[in-house]
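Notes to accompany the following structure.
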Amino acid sequence: MTDVRTDGQRKRVFIRTYGCQMNVYDSDRMADVLRPLGYAMADTPEQADLVVLNTCHIREHASEKVYSELGRLRDTKRERRAEGRDLTIAVAGCVAQAEGEEIVRRQPAVDIVVGPQAYHRLPELLAEAERKAAIRRAGKRLPGAGVLDTDFPAESKFDHLPAPQGVRAGSAFLSIQEGCDKFCTFCVVPYTRGAEYSRPASAVLSEARQLVAAGAIEITLLGQNVNAYHGEAPSSSTGGSTWSLARLIHALAEIDGVARIRYTTSHPRDMDDDLIAAHGAVPQLMPYLHLPVQSGSDRILEAMNRRHGRDLFLRLVDRLRHARADLALSSDFIVGFPGESDADFDDTMRLVDQVGFASAFSFKYSRRPGTPGSAMPDQVPEAVKSARLAALQALLGRQARDFNISKVGATVPVLFAETGRKPGQIIGKTPWLQSVYAEGNERLIGHIVEARLIEGHANSLAGEIVTRAYEAAA
Ligand code: 5AD
Ligand code: SF4
């Protein structure tokens, strides 16, 4: 495959990412796989020769968005063909895994369907798609349109990926665990991402070192069930054949240059004593934890097969805050799970009141084909779901604002990540993952700088860079 088009231009790829941070990581890795084939990044689909949609299947709304985007891409492809050029369309991610051939049936313009465990094979898939396109251009008919790879290959994709390049403004994601064995009754993840798998600790540490060498000072460890991590221990390690997440965090904190460590997403059942203790013991581990609870009602938690009750969650919160008093908590909530009564929903509201969240994501239950929840009786009417979501989001919104306001007056380290909307403005994150905007030089992007927080809002804070640190970093 050549890295230039017939008109002498370099080939370009546009990758659109939907859904969670795992997909952001996977999109970066797909770019890493495509770079040696000569693909430069395009800023829009219009500039691209290859468009990859890295899709999300978690809620119905998310997968429907993919099909409307595919409709638009089909039109672009037709226009291109009329000009004698082509556009290759690839669907990756969880919709690809869940729907496979159905995607090509619904949208025949799609050339490649590749699941989240197979994208290291993109070069072969592109070559195959190109071969098929050439046959079609020669006027021959082909059985089956797209090229499909939704296997869970025996070889780990991680062993076949090039060195990571995805460091943006000092921050990088590092995928350490994939898949899930929990089978919550609302969730498609165990079906789309497969069984739980942990990368060996030595592979994680070596990727972390590469990321630091590429400029990362913050590393966010990723996994669908990240705190279930139990990777093979490095050969030099004593005391057990596997490492827990806590052990891995301690080792990451030893790497020179790692100033911030985060991890997401966790399950309450896997918050073990060592991990809780790490929040008090490892200064680089940021005081922020995303710990989905989904509901505050024991009855609903049971129906969701969450394997924990309300009390276990509340006890965990107490223990975590005991380990790290300023820990900011975030969570996920689902309203309107089948059978959820007003009393169940009140239990969720009471739990939120009791805990006090710094931030949260909340969703209306979405029926996902193939999951046990979708076949349950007593589905909750849409209007009831909407009313409950509005009430919950109002409460969570007030808590997020109160949390931001509680930090006003403090001087805190901010990792600046991007320029703001106004000229001369830069935006970064506090240790508690709050967004801070301040006047500052673009050269501070990718650095941790002390800023005084002067105003708190619903989703952000205004800050002032503290001059001495500003000069030191700039
Ligand atoms: N409906 C609504 N929300 C869902 N989530 C997962 N599956 C569903 C569903 N079927 C939410 C959960 C999960 C987050 C990533 O998405 O809250 O923690
Ligand atoms: Fe889905 Fe539950 Fe696994 Fe989270 S723990 S990925 S919600 S099945």
Report summary line: Expected sort for 328-339, 256-267 on mean C-beta neighbours within 10 Å, highest first, is 328-339, 256-267
**Report entry** Separation of the residue 408 and residue 441 label points, Cα + 7 Å toward Cβ, nm
**Finding:** 3.0
Query raised in the report: According to the square roots a ≥ b ≥ c of the eigenvalues of the Cα gyration tensor, what is the shape class of region 329-445, taking rounded for a/c under 1.5, prolate for a/b larger than b/c otherwise, and oblate for the remainder?
Result: prolate
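Rounded to the nearest 5, what % of the DSSP beta bridges within the chain are antiparallel ones?
Working: 26 of 69 bridges.
In the chain, approximately 40 percent of DSSP beta bridges are antiparallel ones.
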Report summary line: Check: C-alpha center region 78-157 vs C-alpha center region 193-234, spacing in Å is 30
Query raised in the report: What full-extension length gain, to one decimal in nm, is calculated for residue 277 and residue 367 as 0.36 nm per residue of separation minus the Cα-Cα distance?
Result: 28.6 nm
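Suppose we keep just the DSSP beta bridges with both residues in region 1-140; what percent of those would be antiparallel, to 5? Working shown, then result.
Working: 1 of 17 bridges.
Roughly 5 percent of the DSSP beta bridges within region 1-140 come out antiparallel.
Quickly estimate the mean residue ellipticity at 222 nm for the chain, helices only: each DSSP H run with n ≥ 4 gives -39500 (n - 2.57), and the total goes over all residues, rounded to 500. Can you show the working numbers first?
Details: 14 runs with 167 residues, N = 474.
That comes out to -11000 deg cm²/dmol.
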Requested in this report: Pull out the extension gain between residue 325 and residue 382, defined as 0.36 nm times the separation in residues minus the alpha carbon to alpha carbon distance; nm, one decimal.
Outcome: 16.6 nm
Query - Spacing of the two label points (7 Å from each Cα toward its C-beta) at residue 454 and residue 140, in nm - result: 7.0
**Report entry** Free-standing Cys, the chain [no other Cys Cβ under 4.7 Å]
**Finding:** 20, 56, 94, 180
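Quick one: which of 15-23, 371-379 comes out on top by average Cβ neighbours within 10 Å, and what's the full order, highest first?
Values: 15-23: 19.8, 371-379: 14.7.
Answer by packing, highest mean first, reads 15-23, 371-379.
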Requested in this report: Show me 91-98, 411-418, 275-282 ranked by packing, highest mean number of other Cβ atoms within 10 Å first.
Outcome: 91-98, 411-418, 275-282
**Report entry** Where a label projected 7 Å from the Cα of residue 151 along Cα→Cβ would reach, residues of region 27-42 with amide N under 20 Å
**Finding:** 30, 33-34
Requested in this report: At 7 Å along the Cα-to-beta-carbon direction for both residue 78 and residue 161, put a label point, then send me their distance in nm to one decimal.
Outcome: 3.7
Query raised in the report: What is the chain's relative contact order, in percent, from Cα pairs under 8 angstrom and six or more apart in sequence?
Result: 10
Query raised in the report: Kyte-Doolittle mean at least -0.5 and Cα extent at least 27 Å along the axis: which DSSP H helices of the chain qualify?
Result: 382-406
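Where a number appears in this text, it was derived from the coordinates with a stated rule and is not lab data. Quantities reported herein were computed from a predicted structural model and do not represent experimental measurements. Here Cβ is always computed from backbone atoms with ideal geometry, including for glycine, and neighbour counts include all displayed protein chains.
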